[in-house]
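Trainee: First the structure, which I've put down as structure tokens, then a few questions once you've had a look.
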């Protein structure tokens, strides 16, 4: 079991020459480069393959094999890279509220990171699919904060923090969380459910996302969407496994696994409902 990351390999994967100082400029550069380079995707659960959260397995998949992953893999990898550079990082867990009522009680099925820097606390999260945070947020409530994409803000109520993004229709909550430190074992049950349970949307459907400068790319089953910074969205329905493969490889930059069931699973995908969760 590896307990330290190959920092050089990770930096080459996200296209950064170096990241020597644990400062705010470096933190912002790492988050933006990671979100633009390593896609959010759920091909392993979709194909019935395990999602292994051991660091060596995550590195092999996301760094060496040219793949992406979902929140646990993405933020585990980023967190270990930040620690290797010298940042002080705490793992956190959140209850997803995207497309849910504000008072919904959902499982702690999402991972994010708290970073202590310059006598302040900051939040980073490169694993929320189509609304992945591409910037760095101060842990301060009701402050509208600029990111490379949408403005974000945090609201605090009775010890819970609510992560919100400002979309064309107004502020929308992504999830709520508290500041209790989480350990690797705390993510295992949620990871197992999300990657294996027949009711998990990561098992039953296909999701991919990537955040380029000025636009977001999102795939849900057969629907491929491009969301631009000015609020415009274009959508295209992919008709065949060949078209889905091309989008996954060329737009999401995924090196597809050589799985014998991949084309059959892609051909079985239904059309997506409007405003699907990514």
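The values are calculated or read from the model by the stated rules, or taken from the named source; none is laboratory data. Just so you know, these numbers come straight off a predicted model, no measurement behind them. Note that each Cβ is placed from the backbone with ideal geometry, even for glycine, and that neighbours are counted across all protein chains shown.
Trainee: Quick test of your reading of the structure: residue 226 fulfils all but one of (1) surrounded by fewer than 13 Cβ atoms within 10 Å (Cβ to Cβ); (2) closer than 25 Å to residue 131 by Cβ; (3) at pLDDT 95 or above. Name the failing condition by number.
Mentor: (1)
Trainee: Here is a follow-up. Whether any residue in segment 132-154 is outside any strand (DSSP E or B), under 10 Å from the mean Cα position of the chain (by Cα), at positive phi and modelled with pLDDT of 95 or more is what I want to check.
Mentor: No, there is no match, as no residue in segment 132-154 is outside any strand (DSSP E or B), under 10 Å from the mean Cα position of the chain (by Cα), at positive phi and modelled with pLDDT of 95 or more.
Trainee: Considering only segment 191-211, state which residues are in contact with a helix residue (DSSP H, G or I) (Cβ under 6 Å, 6 or more places away or on another chain) and either assigned to a helix (DSSP H, G or I) or surrounded by fewer than 16 Cβ atoms within 10 Å (Cβ to Cβ) (or both).
Mentor: If the condition is that a residue be in contact with a helix residue (DSSP H, G or I) (Cβ under 6 Å, 6 or more places away or on another chain) and either assigned to a helix (DSSP H, G or I) or surrounded by fewer than 16 Cβ atoms within 10 Å (Cβ to Cβ) (or both), then 191, 194, 195, 202, 203 are the ones that fit.
Trainee: If a residue has to be part of a helix (DSSP H, G or I) and closer than 17 Å to residue 137 by Cβ to count, how many in segment 20-59 make the cut?
Mentor: Count: 11.
Trainee: Mind listing whichever residues of segment 215-248 are assigned to a loop (DSSP other than H, G, I, E, B) and over 22 Å from residue 70 (Cα atoms)?
Mentor: We begin by selecting, within segment 215-248, every residue assigned to a loop (DSSP other than H, G, I, E, B); these are 221-222, 229-232, 238-240.
Those that are assigned to a loop (DSSP other than H, G, I, E, B) and over 22 Å from residue 70 (Cα atoms): 229, 230, 231, 232, 238, 239, 240.
Trainee: Take the residues of segment 39-63 that are touching a helix residue (DSSP H, G or I) at 6+ places or on another chain (Cβ under 6 Å) and under 18 Å from residue 269 (Cβ atoms): which is surrounded by the fewest Cβ atoms within 10 Å (Cβ to Cβ)?
Mentor: Top of the filtered list is 42.
Trainee: Return a yes/no flag: does segment 172-189 have any residue that is crowded, with 17+ Cβ neighbours inside 10 Å, more than 19 Å from residue 99 (Cα to Cα) and out of contact with any strand residue (DSSP E or B) (no Cβ under 8 Å at 6 or more places or on another chain).
Mentor: No, segment 172-189 contains no residue that is crowded, with 17+ Cβ neighbours inside 10 Å, more than 19 Å from residue 99 (Cα to Cα) and out of contact with any strand residue (DSSP E or B) (no Cβ under 8 Å at 6 or more places or on another chain).
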